[in-house]
């Protein structure tokens, strides 16, 4: 039965089972504390998620930056069911209509309409694939000395060993990471080398990339990877010349430009792809999350014609990279149905419109002394950075326990979200959000910050 109310005994049994056997991601094993830990949820619709007790919460970050079309779209369930009823897995050497259809659809939306789509299971695998693809591209072209990868400090590109090596995002407990990683300055108008002191970008962060290429030796650098609009660093929108400069320097030095659109892609920034804001065409684009709006696991490396053509020819040029569930028919069926909804219901356009309205409404949060910076203005991707001192931009000390406090207060105000690594409240609701829901979202964040300041 759909959306059946769970009994108190059933809820307790779920919690006990989770306590003993479920290992949550990025949390202490066995942590089922509802204040700051895990909450049992049973249903969702639009931007709202209902827990086992019947309480409704506003989903501040679209699950995990992925619910583009919102929760509870039965059309996706029907598409997946119909595909599984026909064939649930395509054996080696075969392809299903759904997989072929989704690849053609993604290519038609991509900056390079002649792209080829390499499907995988998720964002980490998409980035892993893109890096390997870039390195072999050079090998296939007789340039095997290119194996180093540039990424921005503090960036996040996934949880595999290779991905954690990018941006220095890997935990120290697991030992050395992948060699050949070179870390350059993160774009940040609020802090960092590109801040001219008045909150403007001096493009030094872009020039730092070329300095690194020259220092390492252009003939040794395979690729540069970054999010067009960084989320992991606290949602920073780059200078209009930032990405065109990078595109030009990558071309000049023969470096493959990889744009990680796992979070940015499929309407999040008010464009189908974030790179459209600057009219640039990446060599490889990584996507996942909003490709199916999280209804089924999927990811992909979108290879431009230039890249894909390098793998055509004799057997030695083959990309020997196999992902068991890459191009899974059910996931592809979900993707086809999801992209149809995004287009037919104008969700990219709504993202741009509601994103502007959201950014405008967030400005009133400057009334709080702890709000150092409000960022956004390109689609439904924003952030509110909290600081101890607005004038000096001093961050809160570790012993303030800001993260757990913010999460707890959010739960009290029926908001599902948390504090990011940069001390920011990340805001990325489903693209289906209405103006009234934006107002409700901002009101709740306002109340959260008010309560936080009273508790500090």
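The values are calculated or read from the model by the stated rules, or taken from the named source; none is laboratory data. These figures come from a predicted structure and were not determined experimentally. FYI the Cβ positions are ideal-geometry reconstructions off the backbone, even for glycines, and counts take in every protein chain you see.
Among the residues of segment 130-172, the one identified as at pLDDT below 90, out of contact with any strand residue (DSSP E or B) (no Cβ under 6 Å at 6 or more places or on another chain) and either at positive phi or part of a strand (DSSP E or B) (or both) is 154. For segment 251-278, the tally of residues that are more than 27 Å from residue 136 (Cα to Cα) and in a loop (DSSP other than H, G, I, E, B) stands at 7. Taking the conditions (1) under 25 Å from residue 415 (Cβ atoms); (2) part of a helix (DSSP H, G or I); (3) in contact (Cβ under 8 Å) with a residue 40 or more places away in the chain; (4) within 24 Å of the chain's Cα centre (by Cα) in turn, residue 295 satisfies each one other than (2). Scanning segment 231-250 for residues that are modelled with pLDDT under 95 and not in a loop (DSSP other than H, G, I, E, B) gives a single hit, 236. If the condition is being within 30 Å of residue 277 (Cβ to Cβ) and in contact with a strand residue (DSSP E or B) (Cβ under 7 Å, 6 or more places away or on another chain), then segment 373-405 contributes 373, 374, 375, 376, 382, 383, 384, 385, 386, 387, 390, 393. Scanning segment 211-229 for residues that are touching a strand residue (DSSP E or B) at 6+ places or on another chain (Cβ under 9 Å) and within 14 Å of residue 143 (Cβ to Cβ) returns 217, 220, 221, 222, 223.
Please pick out the residue among 80, 127, 49 that is in a strand (DSSP E or B) and surrounded by 19 or more Cβ atoms within 10 Å (Cβ to Cβ). Lay out the reasoning, then the answer.
Values: 80 fails: in a strand (DSSP E or B); 127 fails: in a strand (DSSP E or B).
Within the list 80, 127, 49, the selection yields 49.
Within segment 176-199, is there a residue that is over 17 Å from residue 230 (Cα atoms), in contact with a helix residue (DSSP H, G or I) (Cβ under 6 Å, 6 or more places away or on another chain) and part of a loop (DSSP other than H, G, I, E, B)? Yes.
Taking the stated definitions as given, is residue 374 at pLDDT 95 or above, closer than 22 Å to residue 191 by Cβ and in a strand (DSSP E or B)? Against the criterion (at pLDDT 95 or above, closer than 22 Å to residue 191 by Cβ and in a strand (DSSP E or B)), residue 374 qualifies.
Please pick out the residue among 437, 453, 367 that is modelled with pLDDT of 95 or more and either buried (at least 21 other Cβ atoms within 10 Å of the Cβ) or in contact with a strand residue (DSSP E or B) (Cβ under 9 Å, 6 or more places away or on another chain) (or both).
Values: 453 fails: either buried (at least 21 other Cβ atoms within 10 Å of the Cβ) or in contact with a strand residue (DSSP E or B) (Cβ under 9 Å, 6 or more places away or on another chain) (or both); 367 fails: either buried (at least 21 other Cβ atoms within 10 Å of the Cβ) or in contact with a strand residue (DSSP E or B) (Cβ under 9 Å, 6 or more places away or on another chain) (or both).
Answer to the check: 437.
Quick check on segment 106-121. Is at least one of its residues in a helix (DSSP H, G or I), more than 30 Å from residue 279 (Cβ to Cβ) and out of contact with any helix residue (DSSP H, G or I) (no Cβ under 7 Å at 6 or more places or on another chain)? No: zero hits.
Going through (1) modelled with pLDDT of 95 or more; (2) assigned to a helix (DSSP H, G or I) one by one, residue 408 falls short only on (1).
Filtering segment 173-195 to residues that are surrounded by 12 or more Cβ atoms within 10 Å (Cβ to Cβ), out of contact with any strand residue (DSSP E or B) (no Cβ under 6 Å at 6 or more places or on another chain) and at pLDDT below 90 leaves 177, 178, 191, 192, 193, 195. Could you tell me whether segment 356-365 includes any residue that is in contact (Cβ under 8 Å) with a residue 24 or more places away in the chain, over 18 Å from residue 61 (Cα atoms) and touching a helix residue (DSSP H, G or I) at 6+ places or on another chain (Cβ under 9 Å)? Taking every residue of segment 356-365 in turn, at least one turns out to be in contact (Cβ under 8 Å) with a residue 24 or more places away in the chain, over 18 Å from residue 61 (Cα atoms) and touching a helix residue (DSSP H, G or I) at 6+ places or on another chain (Cβ under 9 Å). With the structure loaded, tell me whether residue 180 is on the phi > 0 side of the Ramachandran plot and free of Cβ contacts under 8 Å to residues at least 12 places away in the same chain or whether it fails that test. Criteria not met by residue 180.
Given the criterion touching a strand residue (DSSP E or B) at 6+ places or on another chain (Cβ under 6 Å) and either surrounded by fewer than 21 Cβ atoms within 10 Å (Cβ to Cβ) or touching a residue at least 60 places away in the same chain (Cβ under 8 Å) (or both), identify the matching residue among 337, 310, 288. Spell out the reasoning first.
Numbers: 337 fails: touching a strand residue (DSSP E or B) at 6+ places or on another chain (Cβ under 6 Å); 310 fails: touching a strand residue (DSSP E or B) at 6+ places or on another chain (Cβ under 6 Å).
Going through 337, 310, 288 in turn, the sole match is 288.
When every residue of segment 410-418 is checked against the conditions, none turns out to be surrounded by fewer than 19 Cβ atoms within 10 Å (Cβ to Cβ), farther than 26 Å from residue 187 by Cα and without any contact (Cβ under 8 Å) to a residue 24 or more places away in the chain.
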